[in-house]
Structure formats: C-alpha cells, structure tokens
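Just below is one structure, and these are the notes that go with it.
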Amino acid sequence: MNYTKICAAVLSFAVLTICCGEEETTTPELGAWTFFAPPYKGAWNHCDVQPDGIFWGAVRLDGSGRAAIVRFDGASWSKREFEPSVTEALNAVLMFADGSGWACGNNGALLERRDGEWELHRPYDDVDYYYLSATSSARVWAVGQATVYPRSYLPVILYYEGGRWHEAAKPSGYTSFGPVVITPSGGYLVARRSEGDEILRLSGKTWGQPVTLERSLRLYGLAAAGGYAFAVGEERPSSVKRGAVFQLTPSVRDITPNVPSPADYYYRAAYATPDGRLWVSAAPYGPGGRDYKLLYWDGDAWYEAAVTNRTGITTRVFEFGFATGAGWAVGGETYARYQEP
C-alpha cells in the first residue's frame, strides 16, 4: 500500500491517524509518545524492558556524576549507584524475565544481576565495553575496546559461557567493532573500516560471512526478533547526508524511509518486533538540528509517530525497550513512555 498523505492527531497516549489519499483512511494502533521529566536527573543513554513490563535504564547522574542503573516496576522507582572505581559510565543494560540480566561499562565492568543484587565481573581491567547482546543470561556477548598500553585502542570481543567470560577471535582487517545482536540461530556484528562498515554473521563462536549491502555505510544500531533483523545508520562519507535503514533477514533490502527525506535524516536506534515491524529514531543533519523523529515500519510502509513534550520538539533517542504492549525510549536527558490505546 502506498501512503501519500500523513496527518497526525497528537494527544497524550492517543492514536496516530494516517490518511491514505483522499478516500481511504487507516489507523494503525500506535499510541502517542509522551516525554516526561525524569525522576533522576542526568544523561539517560540506555534502557531495556523485561517481558513483564519492568523498566531498566542506565543514567549518569547529575551532581554526583556516578553511573546508576534505574528500575521502575510500574508503581515506584529505585536506583543502584556505582562508585567510579567500579565503572565511570554504563554503556548498555540487558534484562530478562526473571529479573536477572547484565550491564556493561568502562573500567572493565561487566555487571550481572543475580538474586536481586548486582555482581561485578572484571575479566580484564583495561577494557571499556560499549555493546551487549544475549539470548539468555547464560549466553551473552560483549564488545568493547582496550584502553591501556600495549593493547590500547584494540577491539575486544567476549562471550559468556559455562559461567565465565572468554575472549573470542577477532576478524582481521577492521579498526573496531560496533553494535552486536545475538539471535537463537546466530547473530550480527558491525565491523568498522574507514571506508565503511560491514555486518558479520555469527557461526558458532566465529564472526565472518559479511552481509552484502548496496551502499557504503556507518551503522549505529542493530535489531533482531522473530527471524527478522535490521541495521540503521547513515551513508559514508557523512557529508553525503543520507540515512540508511536495511533489512538483513529474511532478505537483504534497503528500506530507508522516504518520509522524512533520506537527505534530511540519519538513524541512531532501532527496535524490531517478532512480526517484522520496526521502530527507528531519526536525527536531523546540520548544526543545532533538534527536530528529531520516531518512525515506525509496518513491513510495507513508514509512519511518523506522534510525540508530545513540553517544548514541542522531539528529543533524540538512543535506545528503545518494549514489553506487554508498552515501551520506553531514552535519549540525552529525557526518557519517554509509549502505550498502545
């Protein structure tokens, strides 16, 4: 179906109305996003939501400057702060249905949630970890970079198996590695080169078999669920000012949105659903650009989601988390909650 006209009625937790031409109207069940003042002030960069709806977020707190993991159970908020000697920043959080999970950060910190407490794993002191993915709390991958000579700036890929962390072999020819997503049948890893990124497939414990893409890209996010996988970013060089959204499975295809124009936006974060639907955050090019957007792909066409906040300007989003028909998006100093009508 080709949608030729988009019009949004913005109400807090209302539906987003999409008009098709002049005669046909369809209303996807997309609740509006509403931005809130956070209970803990600071920079919110990462989040996850357990299947039972409990929200977890990583924040660098104003005032103390400490990293903290924040929890919201639907009724009350709580937080766990960490001393700078544990980690100076938290870069990813990943939670599971039973309240177990993982988080990663600087200073070699890999934090495991077990029996209601956070336990520090530090297999290496000299690594900052930026990306996590897993299919369960017992099968986890972490990607980072060494910070201390003689391994400084060298990429590090670890996997957790049998109750301990192992360093995985790194594919050669790449300067660093970016986002990673693990699926029941394998996974995908962004491998960076100066001329453009590649996406590597996982076979066992080995990363290889690059996915062939039609353009030279820099990729900022991966998402996978239910046999579908996606990658989001921008075209290389960045001066081209053209975004990129690619579907990786079941087939490789370029699905970059035409609304907003690919020449106006690039894409920072993605969240995939088991039926092949996709949320992405769109960031404008140009200094001072603040008209960020949240877009939704229904498998056939793109829609722009309704967003309300105090300023009327959508704030950039770094990561999404969903569960039980509701979800969250965090970015910078704000966070958002989405709810279906």
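The values are calculated or read from the model by the stated rules, or taken from the named source; none is laboratory data. It should be emphasised that the depicted structure is a prediction, and the values quoted were computed from it without experimental measurement. Ideal geometry is used to build each Cβ from the backbone, glycine not excepted, and the neighbour counts take in all protein chains shown.
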Quick one: GLY221 ticks every box in (1) at pLDDT 95 or above; (2) in a loop (DSSP other than H, G, I, E, B) except a single one, so which number is it?
(2)
So in segment 35-68, with the set limited to residues that are in contact with an Asp or Glu (Cβ under 6 Å, 6 or more places away or on another chain) and part of a loop (DSSP other than H, G, I, E, B), which one is surrounded by the fewest Cβ atoms within 10 Å (Cβ to Cβ)?
LYS41
When segment 55-80 is checked residue by residue, the ones that are modelled with pLDDT under 90 and of a type in the set (Asp, Glu) are ASP73
Identity of the residue in segment 182-211, among the β-branched types (Val, Ile, Thr) and within 28 Å of SER239 (Cα to Cα), that ends up surrounded by the fewest Cβ atoms within 10 Å (Cβ to Cβ)
VAL211
Mind checking which pairs have a first residue in segment 37-48 that is under 12 Å from PHE72 (Cα atoms) and modelled with pLDDT of 85 or more and a second that is basic (Lys, Arg) and outside any loop (DSSP other than H, G, I, E, B), Cβ under 7 Å, 6 or more apart or different chains?
TYR40/LYS79
Determine whether GLY286 is farther than 27 Å from GLY57 by Cβ, at pLDDT below 75 and surrounded by fewer than 20 Cβ atoms within 10 Å (Cβ to Cβ).
yes
Is it the case that SER133 is free of Cβ contacts under 8 Å to residues at least 40 places away in the same chain, of a type in the set (Ser, Thr, Tyr) and either surrounded by fewer than 17 Cβ atoms within 10 Å (Cβ to Cβ) or under 26 Å from ALA223 (Cα atoms) (or both)?
no
Can you find a residue in segment 106-127 that is under 18 Å from LEU222 (Cβ atoms), within 20 Å of the chain's Cα centre (by Cα) and surrounded by 13 or more Cβ atoms within 10 Å (Cβ to Cβ)?
no
Go through (1) modelled with pLDDT of 90 or more; (2) under 24 Å from GLY178 (Cα atoms); (3) surrounded by fewer than 17 Cβ atoms within 10 Å (Cβ to Cβ); (4) touching an Asp or Glu at 6+ places or on another chain (Cβ under 7 Å) for VAL93 and report which single condition fails.
(3)
Please return the ranges of strands (runs of 3 or more DSSP E) entirely within segment 225-279 where 1 or more residues are acidic (Asp, Glu) and surrounded by 16 or more Cβ atoms within 10 Å (Cβ to Cβ).
228-235
Might you check whether a residue that is under 17 Å from PHE320 (Cβ atoms) and surrounded by 21 or more Cβ atoms within 10 Å (Cβ to Cβ) occurs anywhere in segment 69-81?
yes
Scan segment 1-14 and tell me whether some residue there is closer than 23 Å to ALA301 by Cα, in contact with a Gly (Cβ under 8 Å, 6 or more places away or on another chain), of a type in the set (A, V, I, L, M) and modelled with pLDDT under 85.
yes
Over segment 261-276, the set of residues among the aromatic types (Phe, Trp, Tyr) and closer than 13 Å to VAL240 by Cα is TYR265, TYR266
Scanning for something under 20 Å from LEU202 (Cβ atoms), buried (at least 22 other Cβ atoms within 10 Å of the Cβ), at pLDDT 95 or above and in contact with a Gly (Cβ under 6 Å, 6 or more places away or on another chain), does segment 163-179 turn up at least one residue?
yes
